[in-house]
Amino acid sequence: MEEKNKIARLAIEKVEKNTPFKALWIPADEKENKDVNDTFCLAIGNRKYIFYAAVYDSFNIHDLRQLESVAKNHKHFVVIANKILAAIRSLLREKQIAYIDNTGKVFFHRNRVYIMLDNIKPSKTKKVVLNTAFSPIGLKAIFSFLIDDSILNRKVRDASDAIKIPRTSLNKTIISLRDNEYLFKEHHGKYIYANKRTLTERWAKEFNRQLKPKLLLGTFRFLNENDRENWKALQLQPKQACWSGEPALCLANLQDAPQTFTLYTTTTAEELTRQYPIAQDKKGYISIYQKFWYTEKEETTIAHPALVYADIVNSPAHKEIAKKIREWKEWV
């Protein structure tokens, strides 16, 4: 479903870029059992033309033969695809079947309205280097988006103030994500994820590589074994500190007693040793990191699932648990 929506939205962008018309994509309920169950609307001046839509990655002659049988049940429909070969486009025009592909080619014939764009070469627009989005400051911004989707669609100034990211860096991050197809803009200007899971997995990889090592405040151990066994009794303040990694898995009932501990905090290592029964130890099993995000949402003492995932994904022992986290509603 995500891939289909991505293809359709990119096609709409091409239509609106290459013509003076407006287009709208309305995905159908996936529960509907129809051959063609999505809707495409093309607005030309004050007139709106509604089509049933069939979406493909690459539309070929086999797809056309199948579509002809579907056409008997639908008076108007459009083929939307990443690519439609010239010979297939010609056959579609012969059969008066509308089409749009993601190279910008369009055919549409309804009553006295006839539109055909067939000479457009694929765009060679240079994509913004992904380093812009996945730089350390970009990673901080993306994590704020994952925590609170609404940040994406605020005015840059308001979003910048809310998550404490400079406006220029925030804007560059959003543009980079858009140009590299992690984000799409709907017809009313709202940003949505092309695939939130894909973005989160990429974020986790780059977070571990580029940002996490810079956040480490130190490694620690509990003062005695009893403190370690009773780690849940530590009175963390949600705005000040939160568990990630194995302790977060335990609190989410995905694992028994943690062997290693991961904590994010806004305070210093020295302050933590005064507040909690821990001591610095170069070989310690408690890794404490500087908290790197700000949010207006209510926080708990468990980190966001994307961060928990990032902190355990490289551990072979947690392979199956990582799969479970990827299915959490809050994450996808």
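Any read-out appearing in this document is the output of simple, stated calculations on the displayed coordinates, not a laboratory observation. What you are looking at is a predicted structure, and each value in this text was computed from that prediction instead of being measured. Using ideal geometry, Cβ is built from the backbone for each residue, glycine included, and neighbour counts are taken over all protein chains shown.
General remarks:
- For the chain, the ratio of Cα radius of gyration to the globular rule of thumb 2.2 N^0.38 Å stands at 1.27.
- Whole-number D in µm²/s for region 202-325 (Stokes-Einstein; Kirkwood sum over Cα pairs; 4 °C, 1.567 mPa s): 88 µm²/s
- Applied to region 134-148, the Karplus parametrisation 6.51 cos²θ - 1.76 cosθ + 1.60 on θ = phi - 60° returns per-residue 3J(HN,Hα) values of 9, 6, x, 6, x, 5, 5, 5, 4, 4, 5, 5, 5, 5, 9 Hz, with x for Gly and Pro.
- Rounded if a/c under 1.5, otherwise prolate or oblate - region 130-194, Cα gyration tensor axes: oblate
- Rounded, prolate or oblate (a/c below 1.5 giving rounded, otherwise prolate when a/b exceeds b/c) for region 42-109 by Cα gyration tensor: oblate
- Relative contact order for the chain, counting Cα pairs under 8 Å that sit 6 or more residues apart, in percent: 13 percent
- Within a Gaussian network of the chain (alpha carbon springs, distance under 10 Å), most fluctuating of Trp231, Trp203, Trp243: Trp231
- Sorting 305-318, 103-116, 132-145, 49-62 by their mean Cβ neighbour count within 10 Å, with the most densely packed peptide first, gives 132-145, 305-318, 49-62, 103-116.
- Test item: Cα-centred dipole of region 2-117, Lys/Arg +1 and Asp/Glu -1 on Cβ, debye: 580 debye
- Close amide H pairs (under 5 Å, H built 1.01 Å from N) link Thr39 with Ile26, Ala28, Ala53, residues at least 5 positions away or on another chain.
- MRE, 222 nm, helices only [DSSP H, n ≥ 4, -39500 (n - 2.57), over the chain, to nearest 500]: -10000 deg cm²/dmol
- Listed residue (Leu139, Pro305, Leu64) projecting farthest to the positive dipole end of the chain, Cβ model: Leu64
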